[in-house]
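Values in this text are rule-based calculations from the coordinates and carry no lab data. Keep in mind that this is a model prediction, so the values were computed, not measured. Here Cβ is always computed from backbone atoms with ideal geometry, including for glycine, and neighbour counts include all displayed protein chains.
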Amino acid sequence: MSPPVTVCRRRGDDPDAAALRAAMTTELRRRYADRPADPIHLPDTQVLAPTSVAWTGVAYTVDATPVGHAALRWHGPDLELKRMYVLPAHRGRGVAAILLDAVREAAGQLGAARIVLQTGDRQPDAVRRYERAGYHPIPVFAPYDALPYSRCFALAVRPPLTLPPKVTVPA
């Protein structure tokens, strides 16, 4: 059993968060190398502008090593999960599940009813992780609808607000 990790909220420009996003970009550039027009090839500041970030979390081991990252940004009434990443050496140890729990908690605290996300067709490991966490496929949403390989998912954070049925009392 590997040591537990703790997810700490960080600023979007935190050096640990930035380093993990850079590692993710490097890995994804290799996976999608034959698709140079993909947004993954854009600098992080264009894909995840600091002003659009509602929450950033970094997962740390007990010795304070940063091993995972996730961010949330508003996408209409939903929060969009961005830059979910775990360093390869720490995969398979539950870090992603802990990060996704922190994301869900943060989304609830921010008042979102739903988390949406986009991933690609060359990330079946990510798709499996999201499905295990309760995310379900949804139609591809903008701006990812321009990318034919996109896979989009959603997770209800809280049930939609419904009013109780009207009760009529006979006179």
Legend entry - In sequence order, calculated HN-Hα J values of the range 130-144 (Karplus, 6.51, -1.76, 1.60; Hz; x Gly/Pro): 5, 4, 5, 7, x, 6, 10, x, 9, x, 5, 10, 5, x, 6
Legend entry - Square roots of five times the Cα gyration tensor eigenvalues for the range 102-145, Å: 20, 14, 8
Legend entry - Per-q log10 I(q)/I(0), the range 42-147, q = 0.10 Å⁻¹ (Debye; single scatterer per alpha-carbon; no solvent): -0.28
Inset, instruction - Can you figure out the FRET efficiency of ALA97 with ALA142, using R₀ = 25 Å and their beta-carbon distance, to the nearest 0.05? - result: 0.30
Inset, instruction - For VAL7, list long-range residues whose amide hydrogen, built 1.01 Å from N in the peptide plane, is under 5 Å from its own amide hydrogen. - result: TYR60
